[in-house]
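The values are calculated or read from the model by the stated rules, or taken from the named source; none is laboratory data. Remember, predicted model here, so these are calculated numbers, not experimental data. Neighbour counts are summed over all protein chains in view; Cβ atoms, including those assigned to glycine, are modelled from backbone coordinates with ideal geometry. To get the accessible areas, we keep the full protein, side chains included, count just its heavy atoms, and leave off ligands, DNA and RNA. Shrake-Rupley method; radii C 1.70, N 1.55, O 1.52, S 1.80 Å.
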Amino acid sequence: MNLYEQRLRRVRAAMSESRLDTLILTPGASMRYLTGFSEPGSRFLALIIPSSQPWLFITPALNAEQARSNPAGIADIRAWDDSDGWEALMAQIGQDSKLDGGTIGLD
C-alpha cells in the first residue's frame, strides 16, 4: 500500500466517524496532501471521495493531462470544457454516485 492509499484509508475512516458519505475537496493543502496534486486557478477543480467508491477528479479540460499524472494514481478523471461548464458533469456524478440521499462534506 502506498502513501496515498494509506491517507485515503484514514480519510475514509474519519468520514465514517463523521457519518459523511462523500467528501469534496478543492485545490489546496488537503488535496495536495491526499493526492500530491493541486492546480491553482480560477476554474472549478475538485477531488471527490465517496465512502465506498473510487475517488475521482473533476477538472477543466485544460488541466486534464496534469490531473491524469497525479502522484496518487487516481484513474477516474472527468474533464469539463467551457462550452458545457462543470455543473452538468457534477450533477451526473451526483446521480451516478447516488449522492442525493447522502451527507456531503466540503473543505
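Do we find a residue being touching a residue at least 40 places away in the same chain (Cβ under 8 Å), assigned to a loop (DSSP other than H, G, I, E, B) and touching a helix residue (DSSP H, G or I) at 6+ places or on another chain (Cβ under 8 Å) anywhere in the stretch 2-16? Looking for residues that are touching a residue at least 40 places away in the same chain (Cβ under 8 Å), assigned to a loop (DSSP other than H, G, I, E, B) and touching a helix residue (DSSP H, G or I) at 6+ places or on another chain (Cβ under 8 Å), one finds none in the stretch 2-16, hence no.
Select from the stretch 85-106 the residues that are charged (D, E, K, R) and at pLDDT below 90 and write down the one among them that is surrounded by the most Cβ atoms within 10 Å (Cβ to Cβ).
Among those that are charged (D, E, K, R) and at pLDDT below 90, it is 98.
Being of a type in the set (S, T, N, Q) and open to solvent by 70 Å² or more (accessible area, probe 1.4 Å) is the filter here; which residues of the stretch 13-44 pass it? Once the filter is applied, which keeps residues that are of a type in the set (S, T, N, Q) and open to solvent by 70 Å² or more (accessible area, probe 1.4 Å), the stretch 13-44 yields 16, 18, 42. Residue 9 versus (1) more than 12 Å from the chain's Cα centre (by Cα); (2) surrounded by 16 or more Cβ atoms within 10 Å (Cβ to Cβ); (3) within 27 Å of residue 101 (Cα to Cα); (4) not small (Gly, Ala, Ser): which is the lone unmet condition? Going through the list (1) more than 12 Å from the chain's Cα centre (by Cα); (2) surrounded by 16 or more Cβ atoms within 10 Å (Cβ to Cβ); (3) within 27 Å of residue 101 (Cα to Cα); (4) not small (Gly, Ala, Ser), residue 9 breaks only (2). Selection of the stretch 62-90 for residues being closer than 11 Å to residue 45 by Cβ and either in a helix (DSSP H, G or I) or aliphatic (A, V, I, L, M) (or both) yields 62, 63, 64, 66, 67, 77, 79.
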